[in-house]
Amino acid sequence: LMCVRDDTHWGMRWRPAKLFASWRAGVTVWTSDCGAWGGINDKTVVFGRRAAPAMLTLFTTYMSGIIRGPIWNAERFLWAAAEKFNLRLHPCTFTDFPVVPAMLVDLGSKNSSNMALCFVKFYWC
């Protein structure tokens with residue numbers, strides 16, 4: 001299962017077969033290895049079928065208060081929840097997980113061919 005933000009741009013063709021070949025793929029959470037802010041980069045996250053129940057009920061987990069410890073941002077909370085539910089974290093390089101945040105912007109013309117992708121400088125890793 002994949003959770004993707006609306007500003008995600010795939011930098012090249014994604015070939016996940018190598019990632020999914022692991023015998024522990026069902027309990028694995030894959031994400032980009034940069035921009036994690038002390039936790040899990042939450043821009044694009046892929047998780048196995050046994051990790052899905054934990055990852056898809058994070059609001060309930062947050063409200064229950066079962067996650068304790070130093071939680072200073074959403075990325076850190078994701079990391080703590082994955083640890084709590086014994087999920088395998090797998091940060092990926094750009095080659096394995098080619099995603100970057102970008103927006104389609106109008107360059108000021110009414111011609112639709114005058115559109116361009118604008119990449120967010122500090123989030124390109």
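Could you work out the local net charge near residue 41, counting Lys and Arg as +1, Asp and Glu as -1, over the other residues with Cβ closer than 11 Å to its Cβ? Please list the in-between numbers first.
Details: positive: 5, 43; negative: 33, 42, 75.
Combined, the nearby Lys, Arg, Asp and Glu give -1.
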Q: Could you tell me the convex hull volume per residue, in Å³, taken over the Cα atoms of the chain?
A: 126
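Would you work out the Kirkwood radius for the stretch 1-54? I mean one over the mean of 1/r across all pairs of different Cα atoms, in Å. Intermediate results must be reported in sequence, preceding the final value.
Details: mean 1/r = 0.0825 Å⁻¹.
Radius from the Kirkwood sum: 12.1 Å.
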**Q.** Part-to-part distance (alpha-carbon centres) for the stretch 71-91 and the stretch 49-69, which is given in Å
**A.** 9
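I'd like the antiparallel share, as a percent to the nearest 5, of DSSP beta bridges with both residues in the chain.
75
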(Q) Contact order normalised by length for the stretch 1-49, with contacts defined as Cα pairs under 8 Å and 6 or more residues apart; what percent is it? (A) 51
Q) Among 37, 56, 107, whose Cα lies farthest out toward the positive end of the dipole of the stretch 1-124, if unit charges sit on the beta carbon of Lys, Arg (+1) and Asp, Glu (-1)? A) 56
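Ignoring ligands, DNA and RNA, what percent of the accessible area of the stretch 1-120 is carbon or sulfur (1.4 Å)?
Working: 4300 of 7430 Å².
For the stretch 1-120, the apolar C and S fraction of the accessible surface comes to 58 percent.
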Q: Using only alpha carbon pairs under 8 Å that are at least six residues apart, calculate the relative contact order of the stretch 1-86 and give it in whole percent.
A: 32
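Quote the FRET efficiency, to the nearest 0.05, computed for residue 13 versus residue 114 with a Förster distance R0 of 25 Å and r equal to the Cβ-Cβ distance.
On the way: r = 27 Å, r/R0 = 1.06.
Efficiency for this residue pair is about 0.40.
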Q: Pop a pseudo-label 7 angstrom from the Cα along the beta-carbon direction at both residue 52 and residue 68 and give the gap in nm to one decimal.
A: 3.2
Q.
Under 5 Å between amide hydrogens, which residues at least 5 positions from residue 94 or on another chain qualify, with H placed 1.01 Å from N in the peptide plane?
A. none
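The values are calculated or read from the model by the stated rules, or taken from the named source; none is laboratory data. This is a predicted model, so every value here is computed, not measured. Neighbour counts are summed over all protein chains in view; Cβ atoms, including those assigned to glycine, are modelled from backbone coordinates with ideal geometry. Note: areas computed on protein heavy atoms with side chains; ligands, DNA, RNA excluded. Shrake-Rupley method; radii C 1.70, N 1.55, O 1.52, S 1.80 Å.
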